[in-house]
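The values are calculated or read from the model by the stated rules, or taken from the named source; none is laboratory data. These numbers were taken from a predicted model, which means no experiment stands behind them. Here the Cβ is made from the backbone with ideal geometry for all residues, glycine too, and neighbour counts use every protein chain on show. Just so you know, the surface numbers come from the protein's heavy atoms only, side chains and all, with ligands and any DNA or RNA stripped out. Shrake-Rupley method; radii C 1.70, N 1.55, O 1.52, S 1.80 Å.
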Amino acid sequence: MDVDITGARIFFTIHTGIPWLGDIPISETIVVTWIVMAVITITCIVLTRNLKVENISKKQALAEMLVETANNFVRNNTGGNKFDGLIPFVSALFSLSIVSNLISLVGLRSPTADLSTEAAWAVVVFIMITAEKIKAGGVGGYLLGFTQPIPVLTPFNILSEIATPISMACRHFGNILSGIVINTLIYSGLTLASHALFGLIPGAIGSFLQQIPFLTVGIPAITGVYFDWFTGVMQAFIFSMLTIMYIANAAEG
């Protein structure tokens, strides 16, 4: 029996604000993620146009520096060129993470403040880790590894394996979301403090001034340097570093 779900979709859209495109709900996270991907794609196109061998432009010098940094980042953490195939993936992952983290600076909600974003990244990384383990020891060796060092630890080893993508996702998500929450609390607290402070001034002047959140000017920007810039860059770095380490260790068997 066919079920008409149009009414359910309309109800869902009205109460959540999330519209549908066919069978796919279009959330703010999806929209901003596409904006992030567009920014990264356009940046790559701009930096790689009109490349030269000699007399290179500053734009090309920047592009070459970024490529060299990505190469060194992977090679220095894997001990050689064995995992050069990871360089494009890790570079894309780092770029997506750092732009997603910092896009909140222009007023958009960071996609990494939605656990589903990091969960999707972690699942991809987990599949790559598992593939490397199977490649190194075969399916039998991979399954046998859960029984080491003694069979009784098999359930705990399975839980440890599952915990890898969960911990990666939750670590990144928790730090980004906490930064957003703290910045929001600081801004709200300064707004209330400004209202209370200027409310002490009697008369029409006090009534007018207490409507303007003077104390929110400057201070949230200073805290944002840490919670947006520093934390955003560090979480992108840590997630990429863990990706390299887990995959490299899995390949070693």
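Computed values, structure above
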| quantity | calculated |
| --- | --- |
| Net charge, residue 60 excluded, C-beta distance under 13 Å - Lys, Arg +1, Asp, Glu -1 | +1 |
| Residue 204/residue 62 FRET efficiency (R0 51 Å; Cβ-Cβ; nearest 0.05) | 0.40 |
| Spin-label pair residue 161/residue 188, simplified geometry with 7 Å Cα→Cβ offset, distance in nm | 4.3 nm |
| Accessible surface of the chain [probe 1.4 Å, protein heavy atoms]: carbon and sulfur percent | 72 percent |
| Cβ-defined net charge surrounding residue 51, 10 Å radius [Lys, Arg +1; Asp, Glu -1] | +2 |
| Nearest-ten-degree value, helix 28-47 long axis tilted from longest Cα axis of the chain | 70 degrees |
| Whole-Å semi-axes of region 10-252's equivalent ellipsoid (Cα gyration tensor) | 42, 27, 19 |
| Note, ³J(HN,Hα) from phi for region 207-213, Karplus 6.51, -1.76, 1.60, rounded to Hz, x at Gly and Pro | 4, 6, 5, 6, 7, 9, x |
| Crossing angle, helix 231-251 versus the chain [Cα axis fit, 0-90 degrees, rounded to tens] | 10 degrees |
| HN-Hα J in Hz across region 61-70 - Karplus 6.51, -1.76, 1.60, θ = phi - 60°, x for Gly and Pro | 4, 5, 4, 5, 5, 5, 5, 5, 5, 5 |
| Peptides ranked, highest mean first, by Cβ atoms within 10 Å: ranges 71-84, 169-182 | 169-182, 71-84 |
| Inter-label distance for residue 31 and residue 130, nm, one decimal - labels placed 7 Å from Cα along Cα-to-Cβ | 3.4 nm |
| Integer Hz, Karplus 6.51/-1.76/1.60 couplings in order for region 71-77, x for Gly and Pro | 4, 5, 4, 6, 5, 5, 9 |
| Longest DSSP-loop-exposure-free segment, GluC sites (Glu not before Pro), the chain, at most 16 other Cβ within 10 Å | 55-251 |
| Positive minus negative residues near residue 126 (Lys, Arg vs Asp, Glu; Cβ under 13 Å) | -2 |
| Helix 115-144 axis, angle to the chain major axis (alpha carbon atoms, nearest 10°) | 10 degrees |
| Per-peptide average of other Cβ atoms within 10 Å, ordering 230-237, 46-53, 101-108 highest first | 230-237, 101-108, 46-53 |
